[in-house]
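So the structure is just underneath, and the comments pick up after that.
The values are calculated or read from the model by the stated rules, or taken from the named source; none is laboratory data. Everything quoted here is computed from the prediction, not taken from an experiment. A quick note on method: Cβ atoms are made from the backbone with ideal geometry, for glycine too, and the neighbour counts reach across all protein chains shown. Heavy atoms of the whole protein, side chains included, go into the accessibility calculation; ligands, DNA and RNA do not. Shrake-Rupley method; radii C 1.70, N 1.55, O 1.52, S 1.80 Å.
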Amino acid sequence: MKHSALLTLCALPLLTLAACGGGGGGGSTSTPLSTNADLADLSISAGTLDPPFSSDTLTYQVGPQEMLVHGSVTLTPLAAQAGATITVDGLVVASGTPSAVIDVPVNVTPVLVRVTAEDGVSVREYNVIITRQGISLQTDYVKAPNTDAGDQYGYSVALDGDTLVVGARYEDSDASNGVNNSATESGAVYVYLRVPEGWLLQAYLKASNTDALDRFGYSVAIDGDTLVVGANGEDSNATGVNGDELDNSASGSGAAYVFVRSGGTWSQQAYLKAHNTDGGDLFGNSLALAGDTVVVGAEREDSNATGVGGDELDNSAAFSGAAYVFVRSLNGIWSQQAYLKASNTDADDWFGNSVALDGDTLVVGASREWSNATGVGGDGSNDSASVSGAAYVFVRSGGIWSQQAYLKASNTDAFDRFGWSVALDGDTLVVGAFGESSNATTSNNGESDNSAPDSGAIYIFK
């Protein structure tokens, strides 16, 4: 009977071999605690994660368009390993169940999902950044979702159809979530889409190499689903297209970034630098975009070259300025097509401080040019009207650019800053001169009476 009882007990699965007298001595063993702190899945109650969830991807964006009507959401995390502990914004959540309700105000809301493995030591953190842009009932008044003092939101703007682009050259975020202001004056750009109720934030853009003092958003230009952003304080010593953006040995050389939109989502397509990158050139201080052509001004470029395709390496004309033309091929690849200088290059002219492009015609302003010429095609070599300013018209034929006209004000005078701004549409060109001083009113009336300093004027050319 004793033998029979023992055999019956040893058949029970909960008894160890040692308890049955068959273990041969030695202590019992235990399974090590898991160190797996991954999530197997993460979902949100409204909107979608961008990019789609992957256990190795730690940062996700949600919204803003999807968040338009949602003032709150929940997150449902699923642990990859049983026994892990999950918190969402510091509150424990059972694996596979929704979190507490997360309020999503009209701004950027970062949410931290923290997973602690069964061993209590191994940790992994997933960041979900939710953007919700409210509808402005006053459609003419728009602010950044992360408004902060000193950002200079609105320093640059561009508009094409129902898409509005706003640059904030001194925005400070480090690009991780839009609210971590650890990259002083790195800059940001906001893209809005017009909807029946007002303007909806579609994208919050930062440079791929965000860094302090880069001033990303100093200039912006948009045409259809292509957007270009200038960052004239960017510091890399890269040259050409998609070079090494991380070697910051050319302080203030400047850069431009091309973004494209597909299905409402914006992504960076190209990183543009001058072919002759040099510190202090401020490449990207002005931009123009038309179709597959981008023009980038660098008002403090230093070469003494003249015209198209000259010697870009002789830096003996400090701050003379230059403009660079880039074109995009059918496969989306950008390349530099032309390097443009004034026909009368001189130090401190700031050629490229403004640019305008329409089809195969380009206008470049040089607001500190000094000649005393007037009108079209005058003598650009007599530098007796300091900082009077000039504008230069270039045309393209068969991919080749040439200068077509040299423009001056009809009442050229020192410090008028003719060429500070330019605009072009078809065969009509407008040039602004904010320092012009005549007391004239309306049109073609008394431009020679300089009794109203800095009153300003515009000049229209056909």
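Worth a mention:
- Looking only at the stretch 286-318, residues that are crowded, with 19+ Cβ neighbours inside 10 Å and assigned to a loop (DSSP other than H, G, I, E, B) come to 8 in all.
- Any pair with Cβ under 8 angstrom, 6 or more apart, that starts in the stretch 449-462 at a residue that is aromatic (Phe, Trp, Tyr) and ends at one that is assigned to a loop (DSSP other than H, G, I, E, B) and buried (at least 16 other Cβ atoms within 10 Å of the Cβ): Tyr459/Ala409
- Ser95 vs. criteria in contact (Cβ under 8 Å) with a residue 24 or more places away in the chain, hydroxyl-bearing (Ser, Thr, Tyr) and assigned to a loop (DSSP other than H, G, I, E, B): no
- Test for Gly365: is it modelled with pLDDT under 95 and under 15 Å from Gly419 (Cβ atoms): no
- Arg396 fulfils the conditions (1) more than 29 Å from the chain's Cα centre (by Cα); (2) outside any loop (DSSP other than H, G, I, E, B); (3) among the charged types (D, E, K, R) except for a single criterion, (1).
- Condition met for Tyr218 (open to solvent by 10 Å² or more (accessible area, probe 1.4 Å) and assigned to a strand (DSSP E or B)): yes
- Residue count for the stretch 264-309, restricted to those that are modelled with pLDDT under 95 and in contact with a Lys or Arg (Cβ under 9 Å, 6 or more places away or on another chain): 1.
- Selected residue (criterion: surrounded by the most Cβ atoms within 10 Å (Cβ to Cβ)) from residues of the stretch 399-419 that are small (Gly, Ala, Ser) and assigned to a loop (DSSP other than H, G, I, E, B): Ala409
- Scanning the stretch 223-238 for residues that are within 23 Å of Val142 (Cα to Cα) and surrounded by fewer than 23 Cβ atoms within 10 Å (Cβ to Cβ) yields Asp223, Gly224, Asp225, Thr226.
- Yes/no for Val422 being outside any loop (DSSP other than H, G, I, E, B), closer than 20 Å to Trp350 by Cβ, within 29 Å of the chain's Cα centre (by Cα) and without any contact (Cβ under 8 Å) to a residue 40 or more places away in the chain: no
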